[in-house]
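Read-outs: derived from the displayed coordinates by stated rules, not from any lab. Here the structure is a predicted model, which is why all the values come from computation and not from measurement. FYI the Cβ positions are ideal-geometry reconstructions off the backbone, even for glycines, and counts take in every protein chain you see.
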Amino acid sequence: MAKIKWTLQALEDVEAVVNFIKRDSRYYARMFAIKVFEAVDRLELFPESGRVVPELNRKEIREVIIGNYRIIYRIRDELVEILTVYHSSRLFDVSKIKNLL
């Protein structure tokens, strides 16, 4: 079983999305947060279940898609490190996680 570790960047990303959604609906903001954390929790048992991030093409950098959001993470031995969460309509800014790689 893999251990999950969230980077500060990823936690700030989730918080920003939740705050954005919350302006219209507290309910949907809460549901989004629950879905993100449930998807990440599944990575404890199935760390390779996400697809390889196409922009990086590195087998240890993967993503899980939740609605319109990409949860990008890195697998290192028995550790799953959540790197960032962002809207899929935006271009992937590799520099945003470059310092984490």
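Worth pointing out:
- FRET efficiency for Phe46 and Ser88, using Cβ-Cβ distance with R0 set to 22 Å, rounded to 0.05: 0.55
- Helix 26-42 and the longest principal axis of the Cα set of the chain meet at an angle near 10°.
- Quotient of the Cα radius of gyration of the chain and 2.2 N^0.38 Å, N being its number of residues: 1.03.
- Charging the Cβ of each Asp and Glu at -1 and of each Lys and Arg at +1, and nothing else, the dipole of segment 3-98 about its Cα centre rounds to 200 debye.
- Angle between the chain longest axis and helix 8-22 axis [Cα atoms, degrees, rounded to 10]: 30
- With at most 13 other Cβ atoms within 10 Å, longest stretch of the chain clear of loop GluC sites (Glu not before Pro) (DSSP): 1-43
- Estimated 222 nm signal from helices in the chain, with DSSP H stretches of n ≥ 4 weighted -39500 (n - 2.57), rounded to 500: -11000 deg cm²/dmol
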